[in-house]
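Any read-out appearing in this document is the output of simple, stated calculations on the displayed coordinates, not a laboratory observation. These numbers were taken from a predicted model, which means no experiment stands behind them. Quick reminder, even Gly has a Cβ in these numbers, built from the backbone with ideal geometry, and neighbours come from all protein chains shown.
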Amino acid sequence: MAEHVIALDQGTTSTRAIVFDAGGRIVASAQREHEQIFPRAGRVEHDANEIWTNSVWVLETALAEAGLSVAQIAALGITNQRETAIVWDRRTGRPVHNAIVWQDTRTQPAIDRLAGEHADYDRFADETGLPLAAYFSASKIAWILDNVTGARADAEAGHLLFGTPDTWLVWNLTGGSRHVTDVTNASRTLLMDLRRLEWSDAMLEVFRIPRAMLPEIVSSSEVVGEVSAVAQLRGIPIAGILGDQQAATFGQAAFGEGESKNTYGTGNFLLVGTGERIVRSPHGLISTVGYRIDGEPAQYAVEGSIAVTGSLVQWLRDNLGLFAESNDVGRLAESVPDNGGAYFVPAFSGLFAPYWRPDARGALVGLTRFVNRGHIARAALEATAFQTLDVIDAVVADTGRSLEELRVDGGMTRNGLLMQFQADILGIPVVRPEVIETTALGAAYAAGLATGVWKTLDELRAHWREGERWEPRMPGDERDRRIRMWRKAVRRSFDWVDDDARILMGTTG
Ligand SMILES: Nc1ncnc2c1ncn2[C@@H]1O[C@H](COP(=O)(O)OP(=O)(O)OP(=O)(O)O)[C@@H](O)[C@H]1O
Ligand SMILES: [Mg+2]
């Protein structure tokens, strides 16, 4: 009997395939990075064809590594970087432009224009759960239609399709027969009515996007088709789709109201379940779909999205050359006892939650002759912990309930110094599960639930095991002082992007 599930995790920096057994344990995996394309300041793109090729390669490689045949795989689950927009021609299967990645800020002027034209733009948030921001897919799709020659006419004629990476991959895996996305991904486009879970005609009109381009919205756990286009995987049912952050929440078995997780990857994303209720945040959190099991009501969540955390480590590595591997940031940070007075606000794409300040840009402040590379590495790691604190403060303000501990996962949680500092700054324990590949695990869970590998959420809950725990140790007055310094630094990053900056950078830079 088929008792394994394979998950495809199409992330911002890399694509992974992981084979899990029925106990939720990793049997085999394969991973490949793709190119980050920065055509100019503020722009971030991916080659959708490279993402497709890498996906096929990691799936085939992980399966071979596991030594399993297709018949032993019950289902494929897909999870993906959210909001990233791909537009392709259904006749040729070819993208008409590179994928515009969620961090890309090129559409900020269009967003500003819309905000000016629609005095009632609060209703966008009411309808979609999201603030009007360049982060979400809608303005990126509109940009492609407005800037690629012939695209708008082709879209109106029904030739072009839009999708986030989940949609693009399912379409390719099924040989172009299924054009779908799940509710969690759809909830990140600024185009879905959050209550009805359907595309919103009003939002489509605002962004001038033809409805025919949009995929069908399906549940997160449901058989949507089977693989036909890749020989080695032919016949495997595609049975789960979740945006990466929702998948990580699912993989942490945080299914219920009030349960949460914080993922430390390219950016950081904290999700707290709100059950069947849509909770509106006055404190800068987004309302989003957590997951939906086929035939059941959708489960909602509030989310604190932070654009830059792990990618700041990559920036220190690639743009400053401070070290050769991301892992080395810990050693460099440990070469000094504290940040030496330096604070780093990584507002590279503006600031997301809880500030939502597109006018902010990165700031490294508190510099003196004393500050060295070790301090800068430390300030960069601390920035992740401080940004998380800001988001958790918003959660507490919204829910009136403090967190007892923080469940964490993602690549940056390998960094013990950061995890200890996080516990210190929050004043609560930080807990990491045994399996830190929770994103892939969540997609596997969704797919396995739809195909009978697992029957209930409680069965999945029983898989969760504590791996490591960090207890807070910093005295309260020191903690408060550092937090006040951080907030001062955040204010220094505001009001940077103005007309001068735009003209000098040639974009929204
Ligand atoms: N030891 C470390 N200390 C600090 N940061 C680290 C360490 N190792 C990896 N990172 C950072 O973690 C991030 C990778 O984490 P992870 O693998 O969870 O992300 P990812 O899932 O690949 O991201 P995405 O899904 O967005 O592509 C990178 O940004 C990297 O800089
Ligand atoms: Mg990821």
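What to note about this one:
- Gain on full stretching of the segment that runs from VAL148 to ALA462 - 0.36 nm per residue minus C-alpha separation: 108.0 nm
- Highest average packing first - 457-467, 177-187, 235-245, 200-210, Cβ atoms within 10 Å: 235-245, 177-187, 200-210, 457-467
- The slack between ASN49 and GLU3, meaning 0.36 nm per residue of separation minus the straight C-alpha distance, is 13.4 nm.
- Straight Cα distances below 17 angstrom link LYS455 to the aspartates and glutamates GLU3, ASP21, GLU222, ASP294, GLU296, with same-chain residues fewer than 8 positions distant left out.
- Set of lysines with alpha-carbon distance to LYS140 below 29 Å, sequence-local pairs under 8 removed: LYS261
- Hypothetical label at ARG90: residues of region 177-200 whose amide nitrogen lies under 14 Å (7 Å Cα-Cβ projection): 177-181
- The label-point distance for GLU216 and LEU504, in a model that sets each label 7 Å from Cα toward Cβ, rounds to 5.2 nm.
- The percentage of C-alpha pairs in region 103-253 whose separation is greater than 20 Å is 53%.
- Rg over Rh [alpha-carbon atoms, Kirkwood Rh] for the chain: 0.95
- Relative contact order computed over region 49-139 (Cα-Cα under 8 Å; 6+ residues apart), in percent: 23
- Here the contact order of the chain, divided by its residue count and restricted to Cα pairs under 8 Å and six or more residues apart, works out to 16 percent.
- For ALA28, residues with placed amide H under 5 Å, excluding near neighbours: VAL19
- Between GLU156 and ASP201, residue separation times 0.36 nm minus the direct Cα-Cα distance comes to 14.7 nm.
- Projecting label points 7 angstrom from Cα along Cα→Cβ for GLU35 and SER14 puts them 2.0 nm apart.
- Beta bridge orientation in the chain: antiparallel %, DSSP, nearest 5: 70
- Peptides 138-147, 27-36 ranked from most to least packed by the mean count of surrounding Cβ atoms within 10 Å: 138-147, 27-36.
- Of the trypsin sites (Lys or Arg not before Pro) in region 283-382, those whose Cβ has at most 14 other Cβ within 10 Å and which sit in DSSP loop: ARG369
- Mean projection area, nm², convex hull over Cα of region 278-393: 9.4
- If R0 is 41 Å, the Cβ-Cβ spacing of ASN327 and TYR121 corresponds to a FRET efficiency of close to 0.40.
- Summary of packing: across the peptides 159-169, 16-26, the per-residue average of other C-beta atoms within 10 Å ranks them, highest first, as 159-169, 16-26.
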